[in-house]
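K.L.:
Sharing a structure with you now.
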Amino acid sequence: MNGRRLARSQEYAVDSPFHVGVALSQAKTEKILERHLNRFGVTVERSTQLTAMNQGVDGIRATLRHADGREEIVDTPWLIGCDGAHSTVRHLIEEVFPGEADPYPYMLADVVVDGLLKPEDAYIFLNDLGDLFFFLLDEGRRVVVANAPKGSDLNEAPTLEQIQEVVMQPSLPDLRLSDPAG
């Protein structure tokens with residue numbers, strides 16, 4: 001705690017061609033899934049909002065609002081809600097969220113980190129000022145997760161400067177963040 005190494009996770013052999021765990025960025029994961037859907041003739045629409053849905057015997061009737069304000073009614077045999085913790089789908093079917101919100105607000109950034117971190121290791125720093133995590137992503141990138149400083153506006157994405165400031169506080173002044181992914 002507060003800069004002392006508490007533990008190091010042991011690498012365990014896994015039956016995989018990859019020697020370490022690596023996470024893909026959300027953008028890359030979406031590209032892979034979209035490319036796969038395209039092979040089945042499915043087109044992914046961005047900036048389209050589900051505003052209403054009704055389930056019938058033969059499927060779902062969904063009302064969509066496009067970025068230009070146009071509304072569209074779509075009849076489909078099924079609907080999958082992959083829309084996160086504030087799920088429109090879950091709200092429309094009146095399903096409650098079974099978990100609890102984390103009482104500690106976090107900031108996240110997908111960045112390049114230059115400094116003393118080993119490229120194959122993930123890092124967790126516990127500090128009186130808050131927790132700080134460096135998880136591995138693909139292509140030399142990292143996901144940085146940190147407790148948001150008190151009084152932070154969590155309605156806006158953190159800036160690179162805000163994340164850099166939080167990283168420097170737990171005695172990591174030699175780390176430099178760059179190239180934030182939006």
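K.L.:
Can you pull out the residues in the stretch 141-174 that are among the aliphatic types (A, V, I, L, M) and modelled with pLDDT under 90?
P.N.:
Selection gives Ala148, Leu154, Ala157, Val166, Val167, Met168, Leu172.
K.L.:
Now, a different point. Quick one: count up the residues across the stretch 83-94 that are within 14 Å of Asn54 (Cα to Cα) and open to solvent by 60 Å² or more (accessible area, probe 1.4 Å).
P.N.:
Total satisfying the criteria: 4.
K.L.:
I've got another one for you. May I ask you to list the residues in the stretch 161-182 that are open to solvent by 50 Å² or more (accessible area, probe 1.4 Å) and within 18 Å of Gly130 (Cβ to Cβ)?
P.N.:
Glu161, Gln162, Glu165, Met168, Gln169, Ser171, Pro173
K.L.:
Answer with yes or no whether Pro77 is touching a Gly at 6+ places or on another chain (Cβ under 9 Å) and surrounded by 12 or more Cβ atoms within 10 Å (Cβ to Cβ).
P.N.:
no
K.L.:
Here's something else I'd like to know. Condition test on Thr88, is it over 20 Å from the mean Cα position of the chain (by Cα) and within 23 Å of Asn155 (Cβ to Cβ)?
P.N.:
No: the conditions fail for Thr88.
K.L.:
Report whether or not Asp102 is of a type in the set (D, E, K, R) and open to solvent by less than 30 Å² (accessible area, probe 1.4 Å).
P.N.:
Taking the combined requirement at face value, the residue does not satisfy it.
K.L.:
Which number in (1) in a strand (DSSP E or B); (2) open to solvent by 100 Å² or more (accessible area, probe 1.4 Å); (3) touching a residue at least 40 places away in the same chain (Cβ under 8 Å) marks the one condition that Arg61 misses?
P.N.:
If we test Arg61 against (1) in a strand (DSSP E or B); (2) open to solvent by 100 Å² or more (accessible area, probe 1.4 Å); (3) touching a residue at least 40 places away in the same chain (Cβ under 8 Å), just (3) comes out false.
K.L.:
A follow-up question, please. Looking only at the stretch 145-160, how many residues end up being of a type outside the set (Gly, Ala, Ser) and either part of a strand (DSSP E or B) or touching a residue at least 40 places away in the same chain (Cβ under 8 Å) (or both)?
P.N.:
5
K.L.:
Kindly indicate whether Gln55 is out of contact with any Asp or Glu (no Cβ under 6 Å at 6 or more places or on another chain) and open to solvent by 100 Å² or more (accessible area, probe 1.4 Å).
P.N.:
Yes.
K.L.:
For the stretch 133-182, enumerate the residues that are under 16 Å from Ser25 (Cα atoms) and of a type in the set (D, E, K, R).
P.N.:
Asp138, Glu139, Arg141, Arg142, Asp179
K.L.:
Let me ask something additional. What is the number of the single condition among (1) open to solvent by 50 Å² or more (accessible area, probe 1.4 Å); (2) modelled with pLDDT under 95 that Ala23 does not meet?
P.N.:
So the condition that Ala23 fails would be (1).
K.L.:
Okay, moving on. Take the stretch 108-144 and flag every residue that is assigned to a strand (DSSP E or B), open to solvent by 80 Å² or more (accessible area, probe 1.4 Å) and free of Cβ contacts under 8 Å to residues at least 12 places away in the same chain.
P.N.:
Once the filter is applied, which keeps residues that are assigned to a strand (DSSP E or B), open to solvent by 80 Å² or more (accessible area, probe 1.4 Å) and free of Cβ contacts under 8 Å to residues at least 12 places away in the same chain, the stretch 108-144 yields only Ile124.
K.L.:
Of all residues being aromatic (Phe, Trp, Tyr) and assigned to a loop (DSSP other than H, G, I, E, B) in the stretch 88-107, which is farthest from Gln169 (Cα to Cα)? Just the residue, please.
P.N.:
Restricting to residues being aromatic (Phe, Trp, Tyr) and assigned to a loop (DSSP other than H, G, I, E, B), the top hit is Phe97.
The values are calculated or read from the model by the stated rules, or taken from the named source; none is laboratory data. Values in this document were obtained by computation on a predicted structure and should not be read as measured data. Cβ atoms come from the backbone with ideal geometry, glycine included; neighbour counts cover every protein chain shown. In case anyone asks, the SASA skips ligands and DNA or RNA and just uses the protein heavy atoms, side chains included. Shrake-Rupley method; radii C 1.70, N 1.55, O 1.52, S 1.80 Å.
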